[in-house]
Amino acid sequence: MSVDVSKVASTNGSTPATPQGPKAAGAIANWADERLGLGTAMKKNLRKVFPDHWSFMLGEIALWSFVVLLLTGTFLTLWFDPSMTEVYYNGSYDPLRGVHMSSAMASTLDISFDVRGGLLVRQMHHWAAAIFVASMMIHLMRVYFTGAFRKPRELNWVIGCLLLLLGTIEGFTGYSLPDDLLSGTGVRAADGFMKASPVVGTYMSFFIFGGEFPGDSIIPRFYMAHILLLPALILALIAAHMLLLVYHKHTQWPGPGRTEENVVGYPMLPVYMAKAGGFFFIVFGVIALMGGLFSINAVWKYGPYDPSKVTAGSQPDWYMGWPDGLLRIIPAWETHIWGITLSWNVMLPILVAPPLFLMILIALPFLEAWITGDKREHHLLQRPRDVPTRTAIMVALMTFYGLSWAAGGNDIIAIKMHLSINQITYFMRAAVFIGPVIAFIIARRWCISLQRHSDEKLLHGFESGVLVRSPEGAYAEKHLPLPESQAYAITARDRDPVPETDEEIDAMGLPARQTRIRKIRAKLARLFFADNVQKPTAAELHDAQHHAEHELHELDSQIEAGPNRHGPTEGH
Amino acid sequence: MRLLNRSAGRLSRHRRGPIAGVLVLLCGLLLTGGLYAALAPAQADDDADNAALVQEGRELFLVGCAFCHGQNGEGVLTQGGSQYGPALTDVGEAAVDFQVGTGRMPMAQPGSQAPRKEVVYTEEEIAALAAYVGSLGTGPTIPDGELYDPETVPEDEWNEYVVRGGQIFLANCTACHNFEGSGGAMPRGGYAPKIRDVDPKHIYEAMLTGPQSMDTFSDGNIPPDDKKAVIAYLTTLNEAPSYSGFTFGGLGPVSEGIIAWLVGLGGLVGFAVWIAAHTTRSSKKKDEAAA
Amino acid sequence: MSDAHNNDDHGGELVPNEPIPDPGLPEHTWRPTDVDPAKERRAELQVVAFFGLSAVSTILFAVAYFTLDIGDNWHVVGGFGASTMALGGTLGLALLFIGIGIIHWARKLMGDVEISELRHPARSSDEDREGTLQALAAGLEESGIGRRPLIRNSLIGAVGLLGVPTVVMLRDLGPLPVDKLYHTIWGDGTAEHPMRIVRDGIWTPILASDLEIGDLVNCQPDALHNPERYDIDPAEVEGIALQVHKSKASLILLRMSPGDIKPGKDAKGESRENWTHEGIVAYSKICTHVGCPISLNERTTHHLLCPCHQSTFDLSDSGKVVFGPAGRPLPQLPITVDSEGYLVAQSDFDEPVGPSFWERDYYER
């Protein structure tokens, strides 16, 4: 499609973009290009096209909140002292003055009470961390629900999952640094997790803590991981994530003129630069407002860590909430045999469940591709309803996650909703297994009925809201055909492939093992596609539209005949 | 405290008629604070008055409490053998002053958890009830203001009290009542109540008597002066400004997580929707407008 | 419907039988700001206004920074710390206004003609692949790595061995656990002065006669505050060492009616009936699940709840688990009184306290 560039707002200029800046700028550009060859790279990318949709900006929230984390984190390092050396607190917060605490805690209090803006930046850092992980998660859900993880983007999906893992660990190490009562309790629990590991547990604990818990090494070591190792890894993965995004070009929703072969949207310069840049300031601004107005992690109220003290409502930050919930609802399973102890009550929720969950997430694109046998590249997104089984899988995972998460707040739920903590726990023990199954079934059927609804609209038109009374007195709603662009968007999707039948596989004459695998795969594919509604063929659509037109015509002639004065009872 | 009981006893003698009831209430409100200070030095021990007060309390007890706690405070057992209302023979005056003074007693229905609600008895009636129950056996008496009133802490020792109290609070109280005194969950539907903005006297009495399922912190457990230090810390917690902004109930990471999702992420997604939304379109063509 | 698609091709091929042909990109429509100079001007001014508001907020930020006190004399407004709120509010608005201004500019004034760009498949062209394979083959051939397996294998072996330093050098991260987890500072009961039990935070010894039924005391060993009495080097109970001791020795003391106590058995299978003193029992405060300190006790039931994961222990019945994830009873400390009537430990716990670990044993109470 050719575009008349002259037809843009005049402030935007109507002449083509040619270098016309002052001579100095040109000279600098020349100097740089002669050394870096930027011209070629920038020619390709300056006007690179990005499609516009709000759900494409969720990952951007994660990116920008990470930048805010880097900025605020750097500020905090100027005062934070990652040392477990014991000091007497002598700062401005009276109720703790003279209390024994680690330098880490004392310097956190100094940042909060004696550095202007320190408390603000501390809270911004913490809110940004909570938002960082949260935005990665909704970004992941968006990518999954719309099928954006399919070939060629599977590796970017894997990178994204690793980022989620690293972000969570980064969050946990940061949460532990102030060495207050709450974070210390979390570290103590982490010590318990390590000790529960088979065979090497106590060695791991002694090595990581530099001796017996709590030792004097854990804060400096966490600090190193928190400000150096993990951010470096995260940055590297973000860079890879973005490079692949640029290389693959962004996915887009199907619509008129939007195909698998093109990408339609606004150019990087200026529109996307402005929108992304503007969003950075908005993310930064929202986090600053939250940091200023909303309290988070008031360490002075928890006091310094002391292994003999604890507070009600001891919870980790939200992203560690779901394994904590599993820890709460697991029954008291421990095996004592031959003088050794196997702590299933710690291993299953912490050492098994989260890695397993991550592995399932990473495997999802590959599993789906294997089941469907789909090896094509995909750049058009799918509506969640159009792949009901996939949507239902994620809904089931989300239900499991959500229930475990709620279990992590069972004490708060108990006091806020006047329930028994024991009853909640018993309920959750069953719900984390039954809930996802129910959610899967409901989500799947829901998708299929939405598919039918779309199909209905396509074939019989949408409900116009105009009611018409027939001469017999019956009422009918006038259905109007969908606008062409909408109708096209609905049909711009693939028909599901038809899985092989067992007879077909037998007929191939493959070796027994391959036949068996192929049959399993075909069976899974049949389950995957079962009951899906396929889009109509051209003939079907034509028939339906013809029929609808006829009906419309009849209705119209009835309307023209004037209001019915005979009443509904006539003729009955 | 005994002195307060006396003045209350005198007034309550007249509380038979309907007008007297209103009068008692009015006088009670007006005089509670004033009489205590004004009449205190003038009072000597007066057994007759005390006996009257006990008698008064017994009458109130028979009407309002005996159904669950028995005619003589001996407690009532259910057929299942559990307690309908526990025996009150050795709970002491302080327990009554706390339970009735915070509206926990009388309960709407029996149960292990007595929620705090509006106080139904007047100060004088509470004093009478306390005197009666106190007369049934041993048990802590209503503490003297000197023991719990944070006002009595000398100015120059205030901070030392707050710091010490904070450490004792964190060692003994936060496990159930939370680091900010916001309360927490206990087994089988029980809960440790919120203890912010509670009258210092009631905090002291709660430590002394262990209401409902709470442990007792008798004077042999936490000495009186350390109890006062805890109260001083709680007072500071109440009075200190919120340095960090809105706290959302002081419940820790759970409420913070909810805010991060709803306000933080919710707001940012809202902005994203705005950024990507289509702008309004004009029906005019560029050329027509230019013409 | 479902019948129809059976007629279609198999195997995910694109079906030619598309119901609706692609109508192509719709014609571009113009925004009011494109066609109406007045609206364009207004939008321009709005953007400028946003940037202006941002500048004002930034100035207010600087003013707030220098006028609002923190430290000993926090300015307080409406019960809130004024500095945090004012700095956060002004900084937030300054940033938000810039962001909103830029977005407004992009939405109203920047060119918004949609551009279509062609995609390319992710794979390289056959030509490139061929070239790469040739280069690889040539390189490998010239190195001779395929022909000289000895070189290849010895190199792999040598490089693989380099993993050893990486692992070995981590050895000094910490000492070996040896038997540290099995002992606490409560001592084995053979010392001249049996270890007194003192109130946590108050550090005074406890007269058994002072405690009333229903009392719960959070306790520590006296040595942490008074090491000389027990011939312990004060340096061993300072700083981190103090924390280490506390994380194992913290104690819950409870006085209940002696009739309520069901004495269990100790590690040797003998009764624990003389482990208590007149209804006073002492248990480790460290949860056997993952190690949180626990002191949420219900006086009426003697059930002790962990605030982290809700394990519940019955302190009248050998600290057995009655609910929740913990897999072992709470360790009990045998206590008695010394000549002055103060509560003391008879000996150490007879099992490790805190979370379970691989090497530890278990016995029925």
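The values are calculated or read from the model by the stated rules, or taken from the named source; none is laboratory data. What you see is a predicted model; the values in this text were computed from it and never measured. In this analysis, Cβ positions are derived from the backbone assuming ideal geometry, glycine residues included, and neighbour counts consider all displayed protein chains. Calculation scope for accessible area: heavy atoms of the full protein, side chains included, ligands and nucleic acids excluded. Shrake-Rupley method; radii C 1.70, N 1.55, O 1.52, S 1.80 Å.
Before moving on, here are some points about what is shown:
- Scan region A:240-262 for residues that are in a strand (DSSP E or B) and in contact with a Pro (Cβ under 6 Å, 6 or more places away or on another chain) and the total you get is 1.
- Scanning region C:236-280 for residues that are among the basic types (Lys, Arg) and assigned to a helix (DSSP H, G or I), we see that the one that is nearest to the other protein chains (Cβ to nearest Cβ) is C:246.
- Count of residues meeting criterion [open to solvent by less than 30 Å² (accessible area, probe 1.4 Å), assigned to a helix (DSSP H, G or I) and under 20 Å from residue B:240 (Cβ atoms)] in region A:64-116: 9
- Of residues in region A:334-369 being modelled with pLDDT of 90 or more, open to solvent by 30 Å² or more (accessible area, probe 1.4 Å) and closer than 25 Å to residue C:363 by Cα, the one nearest to the other protein chains (Cβ to nearest Cβ): A:344
Conditions tested, residue by residue: (1) outside any loop (DSSP other than H, G, I, E, B); (2) modelled with pLDDT of 85 or more; (3) open to solvent by less than 50 Å² (accessible area, probe 1.4 Å).
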residue	(1), (2), (3)
A:520	yes, yes, no
A:533	no, yes, yes
A:539	yes, no, no
A:548	yes, no, yes
A:554	yes, no, no
A:570	no, no, no
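- Selection within region C:134-179 - of a type in the set (S, T, N, Q) and loosely packed, with under 11 Cβ neighbours inside 10 Å: C:134, C:153, C:166
- Residue check for residue A:219: more than 7 Å from chain C (Cβ to nearest Cβ), open to solvent by 10 Å² or more (accessible area, probe 1.4 Å) and not in a loop (DSSP other than H, G, I, E, B): no
- Residue A:119 falls short on exactly one of the conditions (1) under 15 Å from residue A:358 (Cα atoms); (2) within 14 Å of chain B (Cβ to nearest Cβ); (3) buried (at least 22 other Cβ atoms within 10 Å of the Cβ); (4) not charged (D, E, K, R), and that condition is (1).
- Residue within region A:153-171 that is within 14 Å of chain B (Cβ to nearest Cβ), open to solvent by 20 Å² or more (accessible area, probe 1.4 Å) and within 15 Å of residue A:318 (Cα to Cα) present: yes
- Number of the condition not met by residue A:492 [criteria: (1) within 12 Å of another protein chain (Cβ to nearest Cβ); (2) farther than 19 Å from residue A:384 by Cβ]: (2)
- Boolean, residue A:504 is charged (D, E, K, R), touching a Pro at 6+ places or on another chain (Cβ under 9 Å) and open to solvent by 30 Å² or more (accessible area, probe 1.4 Å): no
- Qualifying position, being more than 8 Å from every other protein chain (Cβ to nearest Cβ), at pLDDT 90 or above and surrounded by fewer than 23 Cβ atoms within 10 Å (Cβ to Cβ), among C:233, C:188: C:233
- Which listed residue, of A:307, A:316, is buried (at least 24 other Cβ atoms within 10 Å of the Cβ), within 30 Å of residue C:200 (Cα to Cα) and within 9 Å of chain C (Cβ to nearest Cβ): A:307
- Identity of the residue in region B:164-187, touching a residue at least 24 places away in the same chain (Cβ under 8 Å) and either on the phi > 0 side of the Ramachandran plot or facing chain A (nearest Cβ under 7 Å) (or both), that ends up surrounded by the most Cβ atoms within 10 Å (Cβ to Cβ): B:179
- Of the set (1) at negative phi; (2) in a loop (DSSP other than H, G, I, E, B), all apply to residue A:362 but (2).
- With a requirement of 3 or more residues that are in the same structural domain as residue B:101 (by TED's automatic domain parsing) and among the hydrophobic types (A, V, I, L, M, F, W, C), the helices (runs of 4 or more DSSP H) lying completely within region B:119-209 that satisfy it span B:123-136.
Per-residue answers, yes or no, for (1) free of Cβ contacts under 8 Å to residues at least 60 places away in the same chain; (2) within 14 Å of chain B (Cβ to nearest Cβ):
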{"position": "A:412", "(1), (2)": "no, yes"}
{"position": "A:426", "(1), (2)": "yes, yes"}
{"position": "A:435", "(1), (2)": "yes, no"}
{"position": "A:438", "(1), (2)": "yes, no"}
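- Check on residue A:443, closer than 30 Å to residue C:325 by Cα, under 29 Å from the mean Cα position of the chain (by Cα) and either aliphatic (A, V, I, L, M) or open to solvent by less than 20 Å² (accessible area, probe 1.4 Å) (or both): no
- The condition of being at the interface with chain C (Cβ under 9 Å from one of its Cβ atoms) and farther than 29 Å from residue C:208 by Cα holds for only one of B:255, B:282, that being B:282.
- Qualifying residue in region A:357-372 (condition: in contact (Cβ under 8 Å) with a residue 60 or more places away in the chain, under 30 Å from residue A:154 (Cα atoms) and among the small types (Gly, Ala, Ser)): yes
- Qualifying residue in region A:50-62 (condition: within 30 Å of residue A:170 (Cβ to Cβ), over 35 Å from the mean Cα position of the chain (by Cα) and assigned to a loop (DSSP other than H, G, I, E, B)): no
- Within region C:242-259, being closer than 28 Å to residue A:104 by Cβ and open to solvent by 30 Å² or more (accessible area, probe 1.4 Å) holds for C:242, C:245.
- Test: residue in region B:270-278 that is at pLDDT below 90 and either more than 30 Å from residue B:83 (Cβ to Cβ) or not small (Gly, Ala, Ser) (or both): yes
- Only listed residue being assigned to a loop (DSSP other than H, G, I, E, B), surrounded by fewer than 24 Cβ atoms within 10 Å (Cβ to Cβ) and either among the polar types (S, T, N, Q) or free of Cβ contacts under 8 Å to residues at least 40 places away in the same chain (or both), chosen from C:356, C:347: C:347
- Tally, over region A:371-400, of residues that are within 13 Å of another protein chain (Cβ to nearest Cβ) and either assigned to a helix (DSSP H, G or I) or under 18 Å from the mean Cα position of the chain (by Cα) (or both): 2
- Of all residues in region C:297-318, one or more are at negative phi, touching a helix residue (DSSP H, G or I) at 6+ places or on another chain (Cβ under 6 Å), touching a residue at least 12 places away in the same chain (Cβ under 8 Å) and surrounded by fewer than 23 Cβ atoms within 10 Å (Cβ to Cβ).
- When restricted to residues that are assigned to a helix (DSSP H, G or I), more than 7 Å from chain C (Cβ to nearest Cβ) and open to solvent by 10 Å² or more (accessible area, probe 1.4 Å), region A:188-207 contains 3.
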